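Just so you know, all these numbers are worked out from the coordinates, no wet-lab data involved. All values derive from a computational prediction rather than experimental measurement. So basically every Cβ, Gly included, is an ideal-geometry build from the backbone, and we count neighbours across all protein chains shown.
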Amino acid sequence: MTAIRFIMLGGFLGAGKTTTIARLARTYQEQGLRVGIVTNDQATDLVDTHALRSQGFDVGEVAGSCFCCNFNELTDVAAALTADQQPDVILAEPVGSCTDLVATVVQPLMQLHADRFQVAPYGVLLKPSHGRKILRGELNAGFSPKAAYIFKKQLEEADFIVLNRVDQLSVAEIDELQKLVEQHHPGVPTIRMSATTGAGFAGLVELLDQQGNFGRRILDIDYDIYAEGEAELGWLNSNLRVTSPEKFSLDELLVRMIDRLRDRLRSLNAEVAHLKAIGLWEGAHAVANLVSNDLPAELSLSSECTTSKADLVVNARVALDPDILKTEVHQCVDSVCEELGASADWHQTQSFRPGAPVPTHRFSSDATK
C-alpha cells in the first residue's frame, strides 16, 4: 500500500490555517490528487469543520482535545477517511493553542505509522497582528507572557515559517516581521504568503513537496507554563438558529455580530485570539472572523444570501473568564438579532478553559538519528 502524504500546518489561533488548508486542498485536487482533511478542537461545533465541508471537502474531526492528547483518534479519523475516499493527501489542522507537536504528533507518526503515512515538513503560520508584538518583546503584546510562551514555542519547532496575511501589511511591516523571525530563528526557511489572495502560495506548495529529514526540532518545553498559558484563554463554541418575519442579509448579520463582540471585548480589555462565526441555510454559507482587537471583522466567505432563517455556529477564544465570555457572546448576538428584527434560539453553548495537555505519546528523540 502506498503511504499517504500527511501534511500538518500549525500556528496560533487566527493565523489563517483553515484558509490555507482550503487553498491547499483545491491546489492538490487540481493536480488530480484525492484530499482528506482532519480538523481539531477542544470541543464540538467547530466553525472550521462546517466551513470546509460547506466548500465540498471530505473532512473528519477530532473533537474534545488536541491531536497530541488524542493521538489514537487522529489516526482513527485518518483511517476512516482512507477507507471512504482513499486520499493521496491528508491535511491536518491542529488546535491553535497547541505546541510541542513535533514530539507528540510528527515523531509518533514517523516512528509508529511509517507504513501508513509519509510525513511532510512541518510548517507553522505566523500571525502578524500578535506576532510582531510578541517577537519585539513588547510588555503589552495582547496576551500574558505564559500565552506568548506558546506562540514562541510554536515557531521554535517549525521546519519552516510562513509569514501569512501579507496582503494586510505594508512592505515595511513585512520586512520588519521577516527580520524579527530571522533574529529569533536563524536558518529556518521563511516564506511570505497570503492564503486569502494566493500571493506566494506556490512557495508553500514547493516546501511541502520536499522530501528529507524533517520534523526534527523537538522542544525543550515547560508543560506547567504551557498549561497555564492555554488556561488563560476562555473557550466558547455555540450553535443557534436565527429567525425573522422578514428576510435579512446573512453576511451583514455575521459581520455586525463580530464587530459588536469586538467592541464589547475591547471595552473589557479582553484580548481576542480568534473569534469566528459561520451562517448556514439551504446550501448558502458565510463566515466572518476577527483575529485581533485592533482589526475590524472580516467576511472571509460571503454568501450574498438573504433569508428569514439561518443556523449559526460561533467559536470564540478570548483572554477572558469563560462564564463572562458566554454572557457577552449571548448578549451581543441577541442585541444584533433584535436590531435586524430577528430572534436567536440558542441550542447549545460550551464555555470553558482548556485542560492541561497530557500527550498520548511524546518522543524525546528523532527516529532518524
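Rounded, prolate or oblate: which one fits segment 283-340, using the alpha carbon gyration tensor with axes a ≥ b ≥ c (rounded when a/c is under 1.5, else prolate when a/b beats b/c, else oblate)? Note, shape of segment 283-340 comes out oblate. Simple spin-label estimate for Ala114 and Arg353 gives 4.2 nm between the two label positions (7 Å along the Cα-to-Cβ direction from each Cα).
Sum up the charges of everything whose Cβ sits under 14 Å from the Cβ of Ile174, counting Lys and Arg as +1 and Asp and Glu as -1, but leave Ile174 out. Here the charged neighbours net out to 0. With helices as the sole contributors, the chain gives -11000 deg cm²/dmol at 222 nm; each DSSP H run of n ≥ 4 counts as -39500 (n - 2.57), and the sum is divided by every residue. The relative contact order of the chain, computed from alpha carbon pairs under 8 Å that lie at least 6 residues apart in sequence, is 21 percent.
Computed about its Cα centre, the charge dipole of segment 234-352 is approximately 180 debye, with only Lys, Arg, Asp and Glu carrying charge at their Cβ. Considering only Gln85, Gln178, Gln350, the Gaussian network model of the chain with Cα springs below 10 Å gives its largest mean-square fluctuation to Gln85. Judged by the gyration tensor of its Cα atoms, with axes a ≥ b ≥ c, segment 159-217 is oblate; a/c meets the 1.5 cut and b/c is at least as large as a/b.
With a 10 Å cut-off between alpha carbons and a GNM built on the chain, which of His285, His50, His347 moves the most? Its mean-square fluctuation being the largest, the pick is His347.
Pairs of Lys residues in segment 4-230 are counted when their Cα atoms are under 14 angstrom apart and they lie 8 or more places apart or on different chains; the count is 5. Shape class of segment 234-352 from the Cα gyration tensor (axes a ≥ b ≥ c, square roots of the eigenvalues): prolate, since a/c reaches 1.5 or more and a/b is larger than b/c. Modelled spin-label separation between Gln85 and Thr306, with each label point placed 7 Å from Cα along the Cα-to-Cβ direction: 3.5 nm.
For the chain, a Gaussian network of Cα nodes joined below 10 Å ranks Asp159, Asp321, Asp220 by mean-square fluctuation, and the top entry is Asp220. Annotation: lysines with alpha-carbon distance below 16 angstrom to Lys309 (same-chain offsets under eight excluded): Lys247.
In segment 4-230, a dipole from Cβ-located charges (positive for Lys and Arg, negative for Asp and Glu) runs towards its positive end, and of Leu177, Ser97, Leu208 it is Leu177 whose Cα lies farthest in that direction.
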